[in-house]
Amino acid sequence: MTTRRLYMYDSYQKEFEAKILQVSENQVILDQTTFHPLTGGVASDTGHLFWDDASKYNVVRVEMNK
């Protein structure tokens, strides 16, 4: 599974829609994202994921797919 890295094309994009590919406990893999991951000692982006406009989930750490 490869997540399309939208931040590579537009680093100022703040909103996006994505499909959930996999959920495992408190981890979610999306088909695409604007959240920049933890890389080279640089902190990852943080923010929120919204589900059906009612539920809000905090994004506190973003990592690359392994």
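Values quoted throughout were computed directly from the atomic coordinates according to the rules given, and no laboratory measurement underlies them. Quantities reported herein were computed from a predicted structural model and do not represent experimental measurements. Virtual Cβ from ideal backbone geometry, glycine too; neighbours counted across all protein chains shown.
Whose amide H sits under 5 Å from the amide H of L38, counting only residues 5 or more places off or on another chain, with H placed in the peptide plane?
Long-range HN contacts for L38: S44, V62, E63, M64.
Evaluate 2.2 N^0.38 Å with N set to the residue count of region 4-59, then give the Cα radius of gyration divided by it. Don't jump to the answer; show the numbers that get you there.
On the way: Rg = 11.7 Å, N = 56, 2.2 N^0.38 = 10.2 Å.
My calculation over the Cα atoms of region 4-59 gives 1.15.
Once the Cβ-Cβ distance between L6 and S55 is put in as r, and R0 is 25 Å, what FRET efficiency do you end up with, to the nearest 0.05?
Numbers: r = 22 Å, r/R0 = 0.88.
That pair, L6 with S55, gives E of 0.70.
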